[in-house]
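Q: Pasting a structure below so you can have a look.
Please treat every number below as a calculation from the coordinates, not as lab data. None of the values given here were measured: they were computed from a predicted structure. No Cβ is skipped: glycine too gets one built from the backbone with ideal geometry, and neighbour counts run over all protein chains shown.
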Amino acid sequence: MENTWDTTPQQDRFDPEVGGEVMKAVVTAGNGGYSKLQCRVVRLPTLEPGEVLLQVLAAGVNNTEINTRIGWYSSSVTKATAEAATAEEQPLIEKNDGGWNETTPFPFIQGTDCCGRIVAVAKGGDTGSIGSRVLVRACMRASGFGSMENIWMGSDFDGAFAQFVKVPAGEVFAVDCDWSDAELGVIPCAYGTSENMVHRGGVRQGEHVLVAGASGGVGSAVVQLAKRRGATVTAIAAKAKMDQVLSLGADRVIDRHDDVVASLGENSVDVVIDNVAGPGFGPMLLALKRGGRYVSSGAIGGPLVTLDMRTFYLKDLKLIGCTAWDEPVFPNLISYIERDEFWPLVAKAFPLERIADAQREFLLKKHVGNFVLIPPEP
């Protein structure tokens, strides 16, 4: 994909010649390689009742956008994210089960993270909110928090890889802080997911928490948020990144190639928070104390794992899956930001049109923290 904006009319629902105002956006055309990320001029979203229009100031880069593009969520995919994405331009069969929930709505605009500014509200909306800098709660519980049903911005409907995005008014949260747009732009998905895991895993002061993949966007956020709750944190990271992970507050860092059980011993940790999975899954269960909790919202190291059921039931373990964010999670996160109780990790910022470069570099996993995309000024 060239780093230019294609203004050629497209024969789909993003056709700018249909009429109305337009904006620049990266449209993901279907399952496949980087050529599916198309820089286009498209129609500006039209507001429905209860919605607001945001100018996107910054949008984070996450595994989920890559996973959705390559159809990694399909049960037919058995490889780790990076391995599955290496066949860059290999033709892929469209995967009906390759997205979070229903069939991915290609072509559409991805982008799960959004720091934005409210520029318009639907008729009857709160005009006093116009001008507010906000974060979007990307995981939305449309049926209420009594149901686990959820939809995600940038996976189930158009997201923030654009100059503007429309969202339900109830899913935007004004934030009062001196952080930059780029710093706020990496927060929603990584830190929302991390706080959800820490919250649902019931991490308490004095507990020992083991964090896998601690240098990534989610893992580094877990380190910070678990420390905020007073836990002792042992992190797993590549040797070259150990010092940076220690600087986040981790009490100890284990090389990701080391044997976890040999390093910590069996029955040594209260909670494992793991978004890596793969071959490290079994040893991490052995490291859990009786009654321990294993919490996960991802499997970038490989989705298929070996579970010894005897370890699971004889130790009275709890396996906790986390996708839908619980009600307190995002309001809590906003309050932590406003009280400066953690700090953001922006590893690198890219112009929006360089999204393919950003995703390629993201998959190399040489960074600590998060990448962010900055849309062009309208």
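Q: I want to verify a result. In a Gaussian network model of the chain, Cα cutoff 10 Å, which of these has the top mean-square fluctuation: SER194, SER132, SER143?
A: Per the Cα network of the chain with a 10 Å cutoff, SER143 tops the list.
Q: Order of GLU266, GLU21, GLU195 from fewest to most other C-beta atoms within 10 Å?
A: Lowest to highest Cβ neighbour count: GLU21, GLU266, GLU195.
Q: P(r) tail for the chain, what percent of Cα pairs lie past 30 Å?
A: Considering the chain, 37 percent of its Cα-Cα pairs are separated by more than 30 Å.
Q: Okay, moving on. Assuming 0.36 nm per residue, please report the length gained on full extension of the stretch ARG117 to LYS239 beyond their Cα-Cα distance.
A: 40.0 nm
Q: Further, regarding this structure: Label points 7 Å out from Cα along the Cβ direction at TYR34 and LEU246: separation in nm?
A: Each label point lies 7 Å from its Cα, and together they span 3.5 nm.
Q: In a Gaussian network model over the chain where Cα atoms closer than 10 Å are linked, find which of TYR294, TYR73, TYR313 has the largest mean-square fluctuation.
A: Among TYR294, TYR73, TYR313, the largest GNM mean-square fluctuation belongs to TYR313.
Q: Any lysines with Cα under 23 Å of the LYS318 Cα? List them, leaving off those in the same chain fewer than 8 positions away.
A: Output for LYS318: LYS227, LYS289.
Q: Rounded, prolate or oblate: which fits region 289-354 when a ≥ b ≥ c are the square roots of the eigenvalues of the alpha-carbon gyration tensor, with rounded for a/c under 1.5 and prolate only if a/b beats b/c?
A: oblate
Q: Report, in whole Å, the centroid distance computed from the Cα atoms of region 195-231 and region 276-321.
A: Cα centroid of region 195-231 versus Cα centroid of region 276-321: 16 Å apart.
Q: For LYS348, go through the lysines and keep the ones whose alpha-carbon is under 21 Å away, minus same-chain ones fewer than eight residues off.
A: Reachable lysines: LYS239, LYS241, LYS365, LYS366.
Q: So how do VAL368, VAL22 line up by other beta-carbon neighbours within 10 Å, fewest first?
A: Ascending number of Cβ neighbours within 10 Å: VAL22, VAL368.
Q: Taking neighbour counts of Cβ atoms within 10 Å as a proxy for exposure, in what order, fewest first, do TRP343, TRP5 appear?
A: By the 10 Å Cβ count, ascending, the order reads TRP343, TRP5.
Q: Let's test the formula: R0 of 22 Å, r as the Cβ-Cβ distance of THR323 and PHE145. What FRET efficiency results, to the nearest 0.05?
A: The computed FRET efficiency comes out at 0.95.
Q: Sticking with this one: Select from LEU47, LEU364, LEU248 the residue whose mean-square fluctuation is largest in a Gaussian network model of the chain (Cα-Cα springs shorter than 10 Å).
A: Evaluated over the chain, the most mobile residue of the options is LEU364.
Q: Hey, could you pull the Cα Rg and Dmax for region 191-321, both in Å?
A: 13.0, 37
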